[in-house]
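Q: Dropping a structure here in structure tokens format, bear with me for questions.
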Amino acid sequence: MPAPPPIGNRVRDLREARGNVSQAQLGEAIGVTRHTIIAIEQGKYSPSLESAFRIARFFGVGVEDVFSWHG
């Protein structure tokens, strides 16, 4: 069984908790594509530090409330 990705996230949970913000809406708000948001949520892509901060700011939380390190 493969190891989990070293960076976990709560992006999908936060989108749903904020009234079902779509992946496209979040991507547009932070300047990335919907496909990038999908990859982040699935743990297939770790966002840049700038994107991580933009996501956290969008939801009004700290970066550590969105992302976690499992390394």
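Only the coordinates and a few stated rules stand behind these numbers; no lab work does. Given the structure is predicted, the values throughout are model-derived calculations rather than measurements. Note that each Cβ is placed from the backbone with ideal geometry, even for glycine, and that neighbours are counted across all protein chains shown.
Q: Being on the phi < 0 side of the Ramachandran plot and either surrounded by 13 or more Cβ atoms within 10 Å (Cβ to Cβ) or touching a residue at least 60 places away in the same chain (Cβ under 8 Å) (or both) narrows it down to one residue among 14, 49; which is it?
A: Only one candidate qualifies: 14.
Q: Looking at the stretch 52-63 only, could you name the residues that are within 11 Å of residue 9 (Cβ to Cβ) and either over 10 Å from the mean Cα position of the chain (by Cα) or touching a residue at least 12 places away in the same chain (Cβ under 8 Å) (or both)?
A: 52, 55 - these are the residues of the stretch 52-63 that are within 11 Å of residue 9 (Cβ to Cβ) and either over 10 Å from the mean Cα position of the chain (by Cα) or touching a residue at least 12 places away in the same chain (Cβ under 8 Å) (or both).
Q: To continue, here is another question. Which residue is surrounded by the fewest Cβ atoms within 10 Å (Cβ to Cβ), if the candidates are limited to the stretch 52-70 and must be closer than 17 Å to residue 29 by Cβ and among the small types (Gly, Ala, Ser)?
A: 60
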